[in-house]
Ligand SMILES: Nc1ncnc2c1ncn2[C@@H]1O[C@H](COP(=O)(O)OP(=O)(O)OP(=O)(O)O)[C@@H](O)[C@H]1O
Ligand SMILES: [Mg+2]
């Protein structure tokens, strides 16, 4: 735990290790325990100052029949890294909705390891990334299903949008399944702004910055739809829009 | 209003328009007919500034302004409207959002006052009613899930709201049923048949011209206007086909 990570470790492969060194050793992770039958809502707006390195680590344990909803917006710092190590009890649910929006030389990462330790648990992860200039955005997500965790249902929906040729998106969903009655769905796509749509918008008089902003808003729309607290939702949406407006 | 002189262009290095000249005065309606692949849509896209449609010679002016020095959105602000043969779908962006941003972008570019929400909705309602389009349709994403005919009707609502000086309508009649054709024809007349405006209709059939009566009809073949005449030319073409009429 005290040795600096190297690129050989899968979960550090795309990171900015120099930036990591500047904050090493990392503080102890944040623990979230959701008791049986409870419903918990959490969020993180990672908006560290330019040039800063921010690493947020969460260890989440969700007891039987409980549910945890996490919303994350990862937009700040030279390195912004948010990790989740989640363990699901019987019949519990974990839902992660996140957006990564980066420009400049930012390295922004969401790393998840979701363990379905007991039967009948469900998990969903939806991540949308928008990357401009020389930014790198990564999603590394492993789903681990224990041998007796039958009727597990897990999905990962990962989509990235590159605004410049020089930006990079990494998406690595991984499954490790030891049970046989399991539904796991994952999809990962990387695309760019639809040129036909941009010309259609321009042909109606829309200036390019407004047109791009509208398309990008549509791309991340939905990520923060079910944030329970309205003021949190507004803050996350406003920060996302302000960030993407700096990229168009 | 529109003067096109000896226009040549290329798509992917392939010459499509080969010295096309055409003049349209304010208050006039012109129709262009011509065989498939002649370059009709190419002419519309080239005037609109679609990326990839490279002008290699000649010129085009709108009220004396060289269109080819303007970006596509600036051409719209200068008064040009393109009705698309295949309107583009934009998931996640509602028609109302799309049109309000477009109209206000144009107004900003012209130094005019932008419309507020209430003013815009009133305008949108009026134009939707003119074209017999349900306002609910305008709340949906641009063209997504619209039938062929609905897309064409929605485009005419767009034209009504944006109120251009010159409309180039590329097969606006295709996909319309008999009643819709009548409504769209009447809509075009209501919006565009004015002394200070002009229309260029691209069509394959006389049926639209029964409602929107052209002052001039041109035949475009192999990248050039090869014949021009009055409204009777369209009837003659329909009777005898291009080969006969163009050879004569
Ligand atoms: N993106 C493209 N790449 C290569 N060739 C193209 C492209 N777009 C158009 N063309 C070619 O340009 C020529 C003119 O096409 P255009 O769409 O302008 O024809 P049109 O007169 O509108 O025909 P239609 O009546 O079928 O709509 C055709 O030969 C077409 O194949
Ligand atoms: Mg065409």
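Here the protein assembly as shown yields Rg over Rh of 1.10, to two decimals, using C-alpha coordinates and the Kirkwood radius.
Given contacts defined as C-alpha pairs under 8 Å and at least six residues apart, what's the relative contact order of region B:77-179, whole-number percent? Normalised by residue count, the contact order of region B:77-179 is 50 percent. Across chain B, the relative contact order, built from alpha-carbon pairs under 8 Å that are at least six residues apart, equals 28 percent.
In chain A, the longest principal axis of the Cα atoms and the axis of helix A:230-245 are about 50 degrees apart. When 1/r is averaged over all different Cα pairs and the result inverted, which Kirkwood radius in Å belongs to region B:89-180? That comes to 13.7 Å for region B:89-180.
So what's the angle, to the nearest 10 degrees on a 0 to 90 scale, between helix B:232-247 and the longest Cα principal axis of chain B? Tilt of helix B:232-247: around 50 degrees. Over all pairs of different C-alpha atoms, region A:1-114 has a mean inverse distance whose reciprocal, the Kirkwood radius, equals 14.8 Å. Remark: mean inter-chain Cβ contacts per residue of B:74-82 equal 3, using a 10 Å Cβ-Cβ cutoff to other protein chain atoms. All Cα-Cα separations within region B:2-247 were binned at 10 Å from zero, giving a P(r) of 7, 31, 37, 20, 4, 0, each value a whole percent of the pairs.
For the pair region B:106-159 and region A:13-61, the centres of their Cα atoms are 45 angstrom apart.
Shielding of peptide B:48-58 by partners, expressed as the average count of other chain Cβ atoms within 10 Å per residue Cβ, is 2.
Compared with the rule-of-thumb size 2.2 N^0.38 Å for a compact globular protein, chain A has a Cα radius of gyration ratio of 1.03. Can you tell me the FRET efficiency between residue A:50 and residue B:210 if r is taken as the Cβ-Cβ distance and R0 is 51 Å, rounded to the nearest 0.05? According to the calculation, E is roughly 0.20.
Computed packing ranks the peptides A:228-236, A:57-65, B:21-29, A:85-93 as A:85-93, A:57-65, B:21-29, A:228-236, most packed first, by mean other Cβ atoms within 10 Å.
Highest mean first, the peptides A:128-135, B:134-141 sorted by other C-beta atoms within 10 Å per residue fall in the order A:128-135, B:134-141.
In chain B, the longest principal axis of the Cα atoms and the axis of helix B:117-130 are about 50 degrees apart. Percent of Cα-Cα pairs more than 13 Å apart in region B:20-67, please. Roughly 66 percent, rounded to a whole number.
Prolate is the label for region A:122-248. Its Cα gyration tensor axes, ordered a ≥ b ≥ c, give a/c of at least 1.5 and a/b above b/c. Per-residue mean of foreign Cβ neighbours for B:96-102 is 5 (Cβ atoms of other chains, 10 Å radius). For region B:163-248, dividing the convex hull volume of the Cα atoms by the residue count gives 105 Å³ per residue.
By other beta-carbon atoms within 10 Å, ranking A:24, A:12 with the fewest at the front produces A:24, A:12.
Relative to one another, the C-alpha centroids of region A:136-205 and region B:182-245 are positioned 49 Å apart. If you run the Gaussian network model on chain A, springs between alpha carbon atoms under 10 Å, then out of A:108, A:193, A:162 the most flexible one is A:193. Legend: P(r) of region A:59-155 from all alpha carbon pair distances, 10 Å bins from 0, whole percents, reading 17, 44, 24, 12, 2. Using C-alpha pairs below 8 Å separated by at least 6 residues, the relative contact order for region A:113-248 is 23 percent.
Here, each number is a calculation from the coordinates, and none is a lab measurement. Remember, it's a predicted structure, so these values are computed and weren't measured experimentally. Reconstructed Cβ throughout: ideal geometry from the backbone, glycine too, with neighbour counts over all protein chains shown.
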